[in-house]
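Here, each number is a calculation from the coordinates, and none is a lab measurement. For clarity, every value in this text was computed on a predicted model and none was experimentally measured. A quick note on method: Cβ atoms are made from the backbone with ideal geometry, for glycine too, and the neighbour counts reach across all protein chains shown.
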């Protein structure tokens, strides 16, 4: 057992937690969680630096690949799966890979995190290439499955990053190390707690800000969302109503005419052109803001 790993150390605040009542435990847990955001604040320059390389990768037809095991892998897959409906991008643009494959999303796969060959094979299966950028997610920072993937990515000439909750040393095959030190967990070694929360928050930053910077939003609006349900259709109508000063009736009509494509709807209205012409222009239009 490596007691030097912060993620494996005992938290003195919860040593006798089993003797406390539920209200006390919730207060302790809440106090511990409050420090997660502050821990992230200290590494924002590192997060920003990684995001800049993600944007470069996207602009060069590259992809963002997350890779991890256990909780870390699941959070990567979750963040990747949210990008297509939110930002209207291909499901291949942000990809989450987890040790043990899809089965590991629902149950623990014993020994998967120690397999140094599986991660490389999984990267080969998706055709990982130089223009892609790879983020390894490992609370301990020492997961063999993750580190072997980062070495492979570096050998191909791609940019690599590691998101961890441990104070690990720099490695020559990792371009960006994001160390969010949240301290020992409430339950020793249970990195689904503070480390998991930190991971989720940082991944939110990475994917969201990257999409903002490649013009997948208009201000704080999801201009490129895919409206596949009534809630999202109504959201689109509301956006057109608010931003274009249209009546609800006219907003509904425009949205329908645009084949429920918000970006196309904006272009149709602002330039008074047909759906077909607006659709063509939407592919080359750098930003909806250029229309305003």
Quiz item: So what is the relative contact order for the chain, in percent, with contacts set as C-alpha pairs under 8 Å and at least six apart?
Solution: 20
Practice problem: Obtain the nm distance between the two label points defined at residue 12 and residue 33 by a simple spin-label model: each point lies 7 Å from its Cα along the Cα-to-C-beta direction. | Solution: 2.5
Quiz prompt | Spin-label model distance (nm) - residue 212 vs residue 245, 7 Å beyond Cα toward Cβ | solution = 2.8
Practice problem: Using only Cα atoms, tell me the angle between helix 230-243 and the longest principal axis of the chain; keep it within 0 to 90° and round to the nearest 10. | Solution: 60
Self-check item: Equivalent ellipsoid semi-axes, region 99-166, via Cα gyration tensor eigenvalues times 5, rooted, Å
Solution: 20, 15, 10
Exercise. Have a look at the DSSP beta bridges in region 134-292 and tell me what percent are antiparallel, nearest 5.
Key: 10
Practice problem: Just the number, please: percent antiparallel of the DSSP beta bridges in the chain, rounded to the nearest 5. | Solution: 5
Practice problem: Please work out how much length the chain gains when fully extended from residue 24 to residue 106, using 0.36 nm per residue of separation minus the C-alpha to C-alpha distance, in nm with one decimal. | Solution: 26.4 nm
Exercise. Grab the alpha carbons of region 230-291, take their convex hull, and tell me the volume per residue in Å³.
Key: 76
Quiz item: Pulled fully out, how much extra length does the chain show between residue 56 and residue 156, if you take 0.36 nm times their separation in residues and subtract their Cα-Cα distance?
Solution: 34.3 nm
Quiz item: What 222 nm value per residue comes from the helices of the chain, counting each DSSP H run with n ≥ 4 as -39,500 (n - 2.57) and dividing by all residues, nearest 500 deg cm²/dmol?
Solution: -15000 deg cm²/dmol
Quiz prompt | Length-normalised contact order for region 230-291 - Cα pairs under 8 Å, 6+ apart - percent | solution = 23
Practice problem: Return the whole-Å distance between the Cα centroid of region 101-155 and the Cα centroid of region 78-98. | Solution: 17
Self-check item: Rounded to 10°, Cα long-axis angle of helix 248-257 versus longest principal axis of the chain
Solution: 90
Quiz item: Once both axes come from the Cα atoms, what is the angle between helix 262-271 and the longest principal axis of the chain, in degrees from 0 to 90, rounded to 10?
Solution: 30
Quiz prompt | For region 154-224, fraction of C-alpha pairs farther apart than 13 Å, in % | solution = 72
Self-check item: If the convex hull is drawn through the Cα atoms of the chain, its volume per residue in Å³
Solution: 160
Quiz prompt | Values of log10 I(q)/I(0), in the order q = 0.15, 0.23, 0.24 Å⁻¹, for region 182-253 under a Debye, Cα-only, solvent-free model | solution = -0.67, -0.98, -1.02
